[in-house]
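Novice: The structure that follows is given in the form of structure tokens.
The values are calculated or read from the model by the stated rules, or taken from the named source; none is laboratory data. Nothing here was measured: the structure is a model prediction, and the numbers come from that model. Cβ sites come from the backbone with ideal geometry, for glycine too, and all protein chains shown count toward neighbours. When the accessible area is computed, the model is the full protein with side chains, heavy atoms only, and any ligands, DNA or RNA have been set aside. Shrake-Rupley method; radii C 1.70, N 1.55, O 1.52, S 1.80 Å.
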Amino acid sequence: MKQSLFETRHKAEWERFALALERLERGKETSQVAGFPKAYRRLCQHLALAQDRGYSSFLIDSLQQQVLRGHQQLYRHRSRLGANLLSFILADFPRLVRAEWPFVLVSSLLFFGSLMGVGVLVYFFPELVYNLLPADQVREMQGMYDPVAGHLGRPAERAASEDWVMFGYYVMHNIGIAFQTFASGLLLGVGSAFFLFYNGMVIGAVAGHLSEIGFGQTFWSFVIAHGAFELSAIALAGAAGLELGWAMIAPERLTRSEALKRAARKSVLLVCGVMLFLLIAAFIEAYWSSKTSVTPLTKYLVGAALWALVAVYLLFAGRTRHAPE
């Protein structure tokens with residue numbers, strides 16, 4: 001292909017790339033970043049073709065300069081993305097949780113309130129568990145946490161690949177529950193409220209029943225560590241769903257669609273933090289909670305420390321912001 005035809009065919013593309021490059025260098029428009037890597041790869045291909053076909057040094061030098069400038073912008077914005085992600089984890093997410101405290105409070109009361117309330121009721125009135133859960137499910141829980149049967153736990157000889165499989169299973173299972181709790185908030189928040197209360201009721205019924213029949217140590221030593229992140233994540237997913245529902249019920253001066261869009265932006269960020277919590281919970285459950293070589297006392301101490309860590313993180317992380325230098 002002649003150089004003139006090559007230039008004519010790709011000139012408009014190079015001009016668009018140059019315009020996007022100038023905007024990124026001035027820091028005026030970050031919306032260009034999404035399509036920038038693809039445009040950068042195309043420019044690199046054009047430079048390679050120009051060099052291979054022996055086009056003029058003027059064209060090659062021009063393309064080479066743009067490639068160098070593009071490389072600087074591409075990796076500068078990639079590092080900024082990493083910094084933004086770190087900032088979200090360390091500060092923005094806990095700040096958002098505190099900012100949306102009314103929804104977090106209602107969600108926590110529905111979930112943890114039903115969990116503890118039903119747990120206490122079942123502990124003192126054991127037959128109540130069969131009114132709340134199918135008998136087959138009760139027997140399955142008893143068999144799983146029976147300290148004599150030894151069905152629960154991580155055998156010392158279990159391969160690391162099996163831990164990875166269990167980690168994947170826990171991730172998918174927990175994300176399914178959290179997404180169900182969040183997405184059902186579109187039903188005017190009623191769906192989220194229902195699943196918060198229902199999941200709390202089921203967990204409470206199981207906990208109360210196993211404690212009452214003498215399987216409490218097996219159960220509590222297993223769940224206490226990963227429960228800090230898993231149960232908190234479910235409550236936060238419910239808060240995100242309740243926020244969606246409230247936007248539809250009380251849009252204030254906005255239209256319902258505008259109010260829903262505004263609430264969705266906050267809710268999606270909450271769910272991103274929920275996903276992080278669920279990943280941590282699944283990792284702990286697969287690699288720590290199931291260990292049989294660790295004493296129950298050690299598990300209780302580690303679990304208490306993790307609950308304290310979650311509380312401190314959500315209540316205090318991101319409260320101080322250093323002024324820019």
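Novice: If S107 satisfies every condition in (1) at pLDDT below 95; (2) surrounded by 14 or more Cβ atoms within 10 Å (Cβ to Cβ); (3) small (G, A, S) but one, which is the exception?
Specialist: Here S107 meets the rest and fails (1).
Novice: Here is a follow-up. I'm told W307 meets every condition in (1) open to solvent by 80 Å² or more (accessible area, probe 1.4 Å); (2) more than 23 Å from M201 (Cα to Cα) except one. Can you identify the failing condition by its number?
Specialist: So the condition that W307 fails would be (2).
Novice: Right, here's the next one. When the residues of the stretch 211-223 are filtered to those that are open to solvent by 40 Å² or more (accessible area, probe 1.4 Å) and part of a helix (DSSP H, G or I), which remaining residue is nearest to L301 (Cα to Cα)?
Specialist: W220
Novice: Out of R154, R158, which single residue is open to solvent by 30 Å² or more (accessible area, probe 1.4 Å), in contact with a Ser or Thr (Cβ under 6 Å, 6 or more places away or on another chain) and at pLDDT below 90?
Specialist: The unique qualifying residue is R154.
Novice: Taking the stretch 85-95 on its own, how many of its residues are out of contact with any helix residue (DSSP H, G or I) (no Cβ under 6 Å at 6 or more places or on another chain) and either closer than 12 Å to G273 by Cβ or not in a helix (DSSP H, G or I) (or both)?
Specialist: Of the residues in the stretch 85-95, 7 are out of contact with any helix residue (DSSP H, G or I) (no Cβ under 6 Å at 6 or more places or on another chain) and either closer than 12 Å to G273 by Cβ or not in a helix (DSSP H, G or I) (or both).
Novice: Can I ask one more? Between G318, G241, G303, G273, which is at positive phi and small (G, A, S)?
Specialist: Going through G318, G241, G303, G273 in turn, just one is at positive phi and small (G, A, S): G318.
Novice: Only residues in the stretch 85-106 that are at positive phi and of a type outside the set (V, I, T) count as the first member; pair them with residues that are open to solvent by 70 Å² or more (accessible area, probe 1.4 Å) and not in a helix (DSSP H, G or I), Cβ under 7 angstrom, at least 6 apart or cross-chain, and list the lot.
Specialist: Close Cβ pairs (under 7 Å, with a partner that is open to solvent by 70 Å² or more (accessible area, probe 1.4 Å) and not in a helix (DSSP H, G or I)) do not exist here.
Novice: For the list (1) at pLDDT below 90; (2) within 19 Å of the chain's Cα centre (by Cα); (3) under 25 Å from A99 (Cβ atoms), I need the number of the one condition that S184 fails.
Specialist: For S184, the failing item is (1).
Novice: Can you tell me how many residues within the stretch 276-304 are open to solvent by 60 Å² or more (accessible area, probe 1.4 Å), closer than 28 Å to L105 by Cα and touching a Ser or Thr at 6+ places or on another chain (Cβ under 9 Å)?
Specialist: Number of matching residues: 1.
Novice: From the list L279, L244, exactly one residue is in a helix (DSSP H, G or I) and within 19 Å of I89 (Cα to Cα). Which is it?
Specialist: L279
Novice: Among the candidates F219, F215, F195, single out the residue that is within 19 Å of V274 (Cα to Cα) and not hydroxyl-bearing (S, T, Y).
Specialist: F195
Novice: Which one of A259, A225, A240, A235 is farther than 16 Å from F194 by Cα and at pLDDT 90 or above?
Specialist: When all the criteria are applied, what remains is A225.
Novice: Scan the stretch 284-313 for residues that are part of a helix (DSSP H, G or I) and closer than 18 Å to F219 by Cβ and report the count.
Specialist: Count: 16.
Novice: If I ask for residues that are over 33 Å from the mean Cα position of the chain (by Cα) and either at pLDDT 90 or above or among the aliphatic types (A, V, I, L, M) (or both), which ones from the stretch 140-150 would you list?
Specialist: Within the stretch 140-150, V148, A149 meet the criteria.
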